[in-house]
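Single-structure report; data block below.
The values are calculated or read from the model by the stated rules, or taken from the named source; none is laboratory data. Please read these numbers as outputs of a predicted model, since none were measured by experiment. FYI the Cβ positions are ideal-geometry reconstructions off the backbone, even for glycines, and counts take in every protein chain you see.
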Amino acid sequence: MIIWFTGLSGSGKSTLSDFLKQALEKVGFSVCQVDGDIFRQKEKKEKHFSRQDIIENNLKIISHCQAFENDYDFMIVAVISPYQETRDVARKTFGKNYFEIFLNCPLEVVIKNDVKGIYKKAQSGEIKDLIGFSLESPYEIPQNRDLEIKTDKLSVGESVNMILENLQKNYGIKI
């Protein structure tokens, strides 16, 4: 199963994927984690953040997951994936084995909690077209999400429990 976290930078994708991975492994599942930031760093070419570059990167993540999908019980993907079209490709590619989680955290909260310093750089003009911050680079709210978690309202533990309960209830996964 592919568990696809999507949301603004700083919404909690990497944190929740880390804790979910631990919870699933604790009960015996094999889990592969794909973090969008790390995946992009491994690419050898110069990194750009145009719409086309982001789509291309997301499609590479989908292909990577396809290649290893049968090797794991779960593949957890944590990537901004700001465009509905690439999330739709992922859903079509993986079908019933695709579980999309939208981490809904208001822009003002992710700016306040800016652990990577990217929003500060965007505010100063050092980073152009930051997804969800720049008017030229909007984040498209997922229309077909399977679960929405308001990470500014729930703790990490509550969020992981919500995911596990949803997997049990809607996918029959024994946890």
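For the range 2-36, the set of residues classified as crowded, with 20+ Cβ neighbours inside 10 Å and under 15 Å from Leu164 (Cβ atoms) consists of Ile3, Phe5, Leu16, Ser17, Leu20, Leu24, listed by residue number.
Provide a single number: the residues in the range 91-112 that are over 12 Å from the mean Cα position of the chain (by Cα) and either more than 13 Å from Gly132 (Cα to Cα) or assigned to a helix (DSSP H, G or I) (or both). Qualifying residue count for the region: 14. If the condition is being touching a residue at least 12 places away in the same chain (Cβ under 8 Å), farther than 18 Å from His64 by Cβ and not polar (S, T, N, Q), then the range 91-110 contributes Ile101, Phe102, Leu103, Cys105, Pro106, Leu107, Val109, Val110. If the condition is being modelled with pLDDT of 90 or more, closer than 18 Å to Ser50 by Cα and not in a loop (DSSP other than H, G, I, E, B), then the range 117-151 contributes only Tyr119. Where strands (runs of 3 or more DSSP E) fall wholly inside the range 1-90, the ranges with 3 or more residues that are touching a helix residue (DSSP H, G or I) at 6+ places or on another chain (Cβ under 9 Å), under 20 Å from Phe133 (Cβ atoms) and touching a residue at least 12 places away in the same chain (Cβ under 8 Å) are 2-7. When the range 165-175 is filtered for residues that are surrounded by fewer than 16 Cβ atoms within 10 Å (Cβ to Cβ), in contact (Cβ under 8 Å) with a residue 60 or more places away in the chain and outside any loop (DSSP other than H, G, I, E, B), only Tyr171 remains. Ile141 meets the conditions (1) free of Cβ contacts under 8 Å to residues at least 12 places away in the same chain; (2) surrounded by fewer than 16 Cβ atoms within 10 Å (Cβ to Cβ) in every case but one. The failed one is (1).
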